[in-house]
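First comes the structure, then the notes that go with it.
The values are calculated or read from the model by the stated rules, or taken from the named source; none is laboratory data. Remember, predicted model here, so these are calculated numbers, not experimental data. Heads up, the Cβs are rebuilt from the backbone with ideal geometry, glycines too, and the neighbour counts pull from every protein chain shown.
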Amino acid sequence: MLLPVTAIALGLAVLVWSADRFVNAAAATASRTGLSTMLIGMTVVALGTSAPEIVVAVFAALEGLPNLATGNALGSNIANIGLVLGLTALVRPIPVRFSLVRRELPLLLGATGLAGYALANGILGRFDALFLSLLLVFSLWWLLRADTPDVAPSEAIPAMTLGKALAWLTFTLLLLAISSRSLVWGASELARGLGISELLIGLTVVAVGTSLPELAACIASAIKRHHDLAIGNVIGSNLFNLLAVLPIPGLLAPGLIDPAAASRDFPIMLMLTLGMGMFLLWFRHGELGRLPGALFLGTYLVYLTWLAAAASGAT
């Protein structure tokens, strides 16, 4: 079991490091080609922070492990709200700007509902995947046409020449592919060795690992008082997980999925998403404080305990 655990640890470490550099290089590339900072924040950076989940989902689906990819998408959304947003609010209460919530929250709620519909029959097929992908295109169009302030401030974009940015973009994409391949192999071998389903591994080890960039970014944003980035990062990342990551197994390896994804994990994701929406709307003229943060984190810990009990019952 030492080799799979080592592969997972190394894969996660390189994945987190390369994802951070990929976002910086992508933002610099877009900036040097004349794109606005708003466009960069809504497209390049938002998709970039979901790059680990996307690449892991591709390799998992190609390896014939669609449940690992599905667990990664659902588990990342659960971790982003329960762990990332919960810890961030505990570190520093987050002021809520209603214009950000009004623009992105309805899209996330709609995507969550459609994802539940796609999973309800226990089959993730190409029609479901195409429908979610079309909603991604609509969401990008809707966000980009909205009259909103910049999400990624110009001072946050690294000072790179276009050539250097392109070189870093190519290098970090290669590292993302290699580290994701290592992570998927290690996770699948660990699941087989312990007799645990790929869905559980995707929901825990892989999901938390691919959510580490969001966790680091959110806590850093809260400490630096870039509050819009903290909430926007969670909402945007969850939106892309549902519309860009979840369709991948349906497109590349359509078929049956573990029934627990629809009966156990989706309801938890839905509950956390609705809870986040309720608190953001409730505190739209105030701040998301430590009490909601503690509730989110507590819910996530209870969920992990539930998964641990399921894993022990399966072995």
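Residues that are out of contact with any Leu (no Cβ under 6 Å at 6 or more places or on another chain) and of a type in the set (Phe, Trp, Tyr) were ranked within region 297-314; the one that is surrounded by the most Cβ atoms within 10 Å (Cβ to Cβ) is 303. A residue that is at pLDDT 90 or above, among the small types (Gly, Ala, Ser) and surrounded by 18 or more Cβ atoms within 10 Å (Cβ to Cβ) can be found somewhere in region 112-122.
Within region 1-53, take every residue that is assigned to a loop (DSSP other than H, G, I, E, B) and more than 18 Å from residue 178 (Cα to Cα) and give me the one that is modelled with the lowest pLDDT. Among them, the one singled out is 36. Scanning region 257-266 for residues that are of a type outside the set (Lys, Arg) and not in a loop (DSSP other than H, G, I, E, B) yields 260, 261, 262, 263, 265, 266. Of all residues in region 234-256, those satisfying the criterion of being of a type in the set (Gly, Ala, Ser), assigned to a helix (DSSP H, G or I) and either surrounded by 24 or more Cβ atoms within 10 Å (Cβ to Cβ) or on the phi > 0 side of the Ramachandran plot (or both) are 236, 237, 250.
Figure legend. Inter-residue proximity from region 173-194: first residues more than 16 Å from residue 57 (Cβ to Cβ), second residues assigned to a helix (DSSP H, G or I) and among the basic types (Lys, Arg), beta-carbon distance below 9 Å, spacing 6+ or different chains. Indicated pairs: 175/21.
A single member of 135, 62, 130 is over 19 Å from the mean Cα position of the chain (by Cα), of a type outside the set (Phe, Trp, Tyr) and at pLDDT 90 or above, and it is 130. Scanning region 64-94 for residues that are under 20 Å from residue 219 (Cβ atoms) and crowded, with 17+ Cβ neighbours inside 10 Å yields a total of 19.
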